[in-house]
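Chemist: One structure is given below, represented as structure tokens, and several questions about it will come after.
What follows is calculated from the coordinates using simple rules that are stated; it is not laboratory data. For clarity, every value in this text was computed on a predicted model and none was experimentally measured. In this analysis, Cβ positions are derived from the backbone assuming ideal geometry, glycine residues included, and neighbour counts consider all displayed protein chains.
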Amino acid sequence: MKVLPLLALLPLSLAAQTPIPSGNYKANSLGNALELRFLPNGTYELIATSGEYVLKDKKILFQPQTSSFVVEKKQSDSQQLQITLKTPPRTGADPRYLYIGYENAKGEVEYVCVYNKIDSLENIEEKKDSNGETYYVLESFEVPRTANLYLVDAHQAAYSKNKEVNIQKFPIGKDTNAAEITILVGNGTFNLNGTYNPDKQTISVSEGSSSNAILFTKLTDKPNPNQVLAVSKESVSHWSHFIDFEKERDIPEYNPNKNAKEKAKAVVSVPKNLNAALASADKQSRLVVVFQQPDNSKAKAEFDDFFAKYKEEGSVSYNDDDDDNSPLYPYEFYLATAKDLKTLKAKGISAGNQVVLLDVAGNVLYSQPATISEVASDELFTSNENVARFSTIAMARALDKALTNPKLPVKELQNIFTTFLKKDSQRVYLLAKNRPEQKTGDSNEEEAFDYIAQEAEDYFSNLKNPKGIYQMQLTPEQAIAQWERVVNAHKKDTKLDPEYAFLLSLNNADANYYYRIFNAEKPATTADIDAVAYLVKFADDIKAYNKKIEGNDDNYMGYNERLEKGIIEVNYGELSNQLEHITFNDKKLFEPVKTTYKEGLKKNLFSADNYIDFLYDNNVDEAAAYFGEYYKNLLQKDSNLIVALDKAFSEGDDENSWKYYKMRFANRANNIAWKVFEEHKQNPDKLNEAFQWSSSAVQLEPENSYYLDTFAHLLYARGEKQKALEIQEKAVKNLPKAEYGGDDEKSEIQTNLEKMKKGEI
């Protein structure tokens, strides 16, 4: 039978099938304000309370919990994970006790307090949903992308430090760049009773001994495909992340741009000339704004007024998280003289009134016709968004200067790549003139849609002169060649280069240098393998290096703080994914990838399970050989397969449940057995091992139609045709219970039965 994707099995290990159809049930009273939601994972949600339920003889036993969350995946233009929090009124949700957890590069969970991520509790927006019900939205903020989101409401535990908090885990996937979280604060004081009517699909709910029941009727709307259900809930005592809000100045600051802000706080003054402006900008890490105003008789007065206000207030973009509210200055402002006009003309600036943005080297980043008063009115240099836009343009120009120079020293190349990859919010791909063309739409359509071009138009929409925006000239070939220069320079290293390893740790699969520059998938090269091999080779040295920086201090450090300290955050699980992706893109690189993979296995950096999957996708014979050894070693623990698996599970450090561990083994055994059957139908020796693996899969999941199908084929190949037919009939019989596989796969199992009956297999 066709193989089943392993990940498709995950939900089975997390939730049993619920007897009540999942969905939303609307109340017929209380102004229709209450909505009761039954979820596929055996939990319920009510605006006032949430928890778990048990159904027995149509009676519902509600078991309230302290709080819960509804997580919905969204889309944003963020390179990180944008979080938006919603809360119904009167829930008492307090940002001081709400925590967001994400997985860092090592797979460890880091927590941030929501209170530290928002500017003010006053920035709460009141909105109404489609039913006219009020809800509140806290301002959005960002955390690093994560495969799993961990949510905690520690409000009750805050007043009793020994009280447990519940950590709820939501598998959102690392590709998700935005999530909307609705906070449902629980109420354990409710004593709810419920009755379920399956015929009418209604639920009657009352409190305590009250005879006044609220009737909930199932809504007909479709379930939200973007909602993510919690896969686990962990109770933790002595929550270690509490903050002493009586001493608010001691609250740890979450501020990845702290260094840049400190520089921007320096005193600002009007430079004497253009060169002085450029020199000051270089020293303070600023950009230079030049006002060319030959046709503006009020230029001097307008500039003085503009600069005085700027000196007093700074840029609003940097004031958000500042404790002392000191003005911050991301720009140097200069009013050009008549002598400067020739210099500006040489830079390609048109005659007349112009505002020109320069980098510290004097390169033009942006220009537009405007007077100083028009610039002030448009808030061109006080807009929060424009600071980020101009920074992105400056980075594009810096990449151009460095990466188009084939003779640039490797050390400088390494530094520019590092600087760029640390600034993960940059959207330079919007400026990439030579970006590989990517369009959406059917090939038969008259005109496909260039979504990046549209994104660029939207992103720079408040800049009045699109033609004045610098366009990056860098080609994909140049970028790849420069990266390979850096990697090749370190191939013969005999000792760790921490700065190089730090760069490699930033260049992860989800956001590598090529993707960030061009928003396109990078062609696989041997340099990609060499980069992973370096981190594998020096794994012990990296660990020792990090330990030296960390010391023996157990104080918590967030991801950005660790980066600032130069800690090399290597996620070896992510590296194994990179290796698999390299081979997926170029099968010719299988052998060198395999070599690096095996080195990682020797050092226990990579998972044997993942290696089996890697071999399975690329070479069935090697996968079978490796799995065969794995299988034999497993049975040496105990001749009973279940006992052997249990021992292996107990010896390992698997984060999943025993049920999932068992299912994962069965899935791999079935998949490899089927591949061997397809490749070696006429080889009895090969099929004997496959038969044993398939038999094990069926032993573990005797009702699985897909595993039964594989087993029937192997029986048929062994000549046990009657037995094969019986097993295939069972596979067909169980199809209505199969939760996975599409109509084509299920139809194939039925077809296989007919073929067996006719002797056509």
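Chemist: In a shell of Cβ-Cβ distance under 13 Å around Lys733, excluding Lys733 itself, what net charge do Lys and Arg (+1) and Asp and Glu (-1) give?
Modeler: -1
Chemist: Can you order the peptides 490-499, 668-677, 613-622 by their average number of other Cβ atoms within 10 Å per residue, highest first?
Modeler: Averaged packing, sorted descending, gives the order 668-677, 613-622, 490-499.
Chemist: Continuing with the same structure: Ranked from highest to lowest mean number of other Cβ atoms within 10 Å per residue, what is the order of the peptides 355-368, 450-463?
Modeler: Sorting 355-368, 450-463 by mean packing, highest first, produces 355-368, 450-463.
Chemist: If packing is taken as the mean number of other Cβ atoms within 10 Å per residue, what is the order of 278-291, 634-647, highest first?
Modeler: Taking the mean over residues of other Cβ atoms within 10 Å, the ranking is 278-291, 634-647.
Chemist: Hey, rough spin-label estimate for Asp744 and Lys602, points 7 angstrom out along Cα→Cβ, what's it come to in nanometres?
Modeler: Taking the two extended label points, one gets 4.2 nm.
Chemist: For Asp450 and Ala147, compute 0.36 nm times the residue count separating them, minus their Cα-Cα distance, and round to one decimal in nm.
Modeler: Gain on stretching Asp450 to Ala147: 106.2 nm.
Chemist: Could I ask something else about it? Pop a pseudo-label 7 angstrom from the Cα along the beta-carbon direction at both Ala308 and Thr404 and give the gap in nm to one decimal.
Modeler: Roughly 4.3 nm, to one decimal.
Chemist: OK, next. Give me the number: length gained by fully extending Glu720 to Ser297, i.e. 0.36 nm times residue separation minus the C-alpha to C-alpha distance, one decimal in nm. Could you put the intermediate results ahead of the total?
Modeler: Numbers: separation 423, 0.36 × 423 = 152.28 nm, distance 9.93 nm.
Value of the extension gain: 142.4 nm.
Chemist: Another one. Along its three principal axes, how long is the stretch 416-572 when you only count alpha carbons? Whole Å, largest extent first please.
Modeler: Over the stretch 416-572, Cα extents along the principal axes are 60, 35, 29 Å.
Chemist: Something else: Kirkwood Rh over alpha-carbon pairs of the stretch 324-370, then Stokes-Einstein at 20 °C and 1.002 mPa s: what D in µm² s⁻¹, rounded to an integer?
Modeler: 177
Chemist: May I pose another question? Under the Karplus relation 6.51 cos²θ - 1.76 cosθ + 1.60, θ = phi - 60°, what is the ordered set of whole-Hz ³J(HN,Hα) values for the stretch 531-538, x standing for Gly and Pro?
Modeler: Once rounded to whole Hz, the list reads 5, 5, 4, 5, 5, 6, 4, 9.
Chemist: Give me the distance in nm between label points sitting 7 Å out from Cα along the Cα-to-Cβ direction at Asn434 and Lys587, one decimal.
Modeler: Here the modelled spin labels are 3.1 nm apart.
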